[in-house]
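S.K.: One structure follows; several queries about it will come next.
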Amino acid sequence: MAQTIRRNAKPVRRQARAQASRTKVRKAKARTNSLIDALMRVLPFTEEQLHKAFLVLILAAAAGIAWLVASLAGVPAMAGQQLAFAAADAGYEVSRVEVRGVERMNELKVYERVLGEKERAMPLVDLHALRGSLMELPWVEDARVSRQLPDTIVVDIVEREPHAVLRKPDRLVLIDATGHELEPVSEADAKGMLQISGPGARAQVEALSELLDAAPALRPQVSAAEWVGNRRWNLTFKTGQVLALPQGDEDSAGALMSFARLDGVNRLLGGKVVAFDMRNPDRIYMRVPGRAQQTLESGS
C-alpha cells in the first residue's frame, strides 16, 4: 500500500521542541499567577482597588504630561497674566504705598524703590525682588514687603543703628557697629560721636568695641581711636590725652584694664600728662609738656 507523505509536515524533533516551549510557558504563567495571588493575599486591598489605583496613576501621568506641554507653550503664564489683569480691573492693583520703621534714613529712598510698582496688578508684584532692592539701601538692615489687599503695598524697615564716625582722607562717614557705611556726615553732626581712623580701621570696628568693653568705666571717656600700622590702637580721651596700646587683643585689653585701675588710684585723666605709652608690658611712659619723659611702674 502506498504511504502519503505531507510535504509541509514538521519534523518530529521540531514538534517536540515546540511542545516543550509551550509547557515552559504554562509553568511560568502558573508561577506568576501564584506569586500575584500570594501578593494579593498579603496586601491590605482587593484586586478591584488595585486596578483603580493603577487607573488613577495613569490619569495622573497623563495630566502631568498635558501640563508640561501647556507650560512649554506658555499657557499657564498667559492664563496667570489674564487673571492678574482681571484682578486689576476689580480694583486689586497698587495705588498706595505704606512705609513703616523709618526714623533716621531718607524715607524718599524707600519710596523711589517701591513706587515703580504703582498701578501694577497686585498678583504681578514680585515681593521677593522688591525686598532685594530695598536691602541694597545702606541704612536698611532688614526689610519685609507685604500686600494689604486690595490696593496697598506695606514696607516694614529695620534700620541700622549709627555707632561711630569713620574718618576718611576726604570725608567723614557714619558707620554702624559692624563698620557698615551709612552715609557721609559733617564735622558738626559728627561732634560728640566716637571717631575712628587709620588704614583698615573699618574692618576693626567690632574688635574695638570688644576692647573698650574690657574697661567699661573708660569707654564713655574715649572720643577717638586710631588704628596704627594695621596692628594696634591709639585711644584719644575727651580730655585730649592719648593712650598708646600694645598690639594683640589680649595684650591691649590687659593694658587698658591696667590703665583704668591706675586712673582710679592716681586720676591720670585730666592731669598734666598729654600722652601715655603702654606698649612696654612692664612700664607706662608718660609725656608732660616742658618736662623730661617720666615713667611709672605698671600697677603702682
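S.K.: Give me the distance between the Cα centres of region 247-286 and region 92-171, rounded to whole Å.
M.R.: Each part reduced to its Cα centre gives a spacing of 47 Å.
S.K.: Return the FRET efficiency for the residue pair A203, A61: r is the Cβ-Cβ distance, R0 is 41 Å, and the value is rounded to the nearest 0.05.
M.R.: Computed FRET efficiency for A203 and A61: 0.10.
S.K.: Given 0.36 nm per residue, what is the gain on full extension from E183 to A129 after removing their alpha carbon distance, in nm?
M.R.: Additional length available on full extension: 17.0 nm.
S.K.: Counting only heavy atoms of the protein chains, get the accessible area per residue of region 194-300 (1.4 Å probe) and round it to a whole Å² value.
M.R.: So region 194-300 comes to 55 Å² accessible per residue, rounded to a whole number.
S.K.: To make sure I understand the rule: partners must be aspartates and glutamates, Cα under 19 Å from the Cα of K238, and not fewer than 8 residues away in the same chain. Which ones qualify?
M.R.: Counting by Cα, and skipping residues close in sequence, K238 has these aspartates and glutamates nearby: E187, D189, D213, E226, D263, D277.
S.K.: Let me ask something else about it. Tally up the carbon and sulfur contribution to the accessible surface of region 117-177 as a whole percent, 1.4 Å probe, everything protein left in place.
M.R.: The computed percentage sits at 48.
S.K.: Could you check the spin-label model distance between V265 and E161? Points 7 Å from the Cα along Cα→Cβ, value in nm.
M.R.: Distance between label points: 3.5 nm.
The values are calculated or read from the model by the stated rules, or taken from the named source; none is laboratory data. Every value quoted in this text rests on a predicted model; they were computed, and no experiment measured them. All Cβ positions, even for glycine, are placed from backbone atoms using ideal geometry, and neighbour counts span all protein chains on display. The protein model used for the area step is the full one, side chains on, heavy atoms only, and it has no ligands, DNA or RNA in it. Shrake-Rupley method; radii C 1.70, N 1.55, O 1.52, S 1.80 Å.
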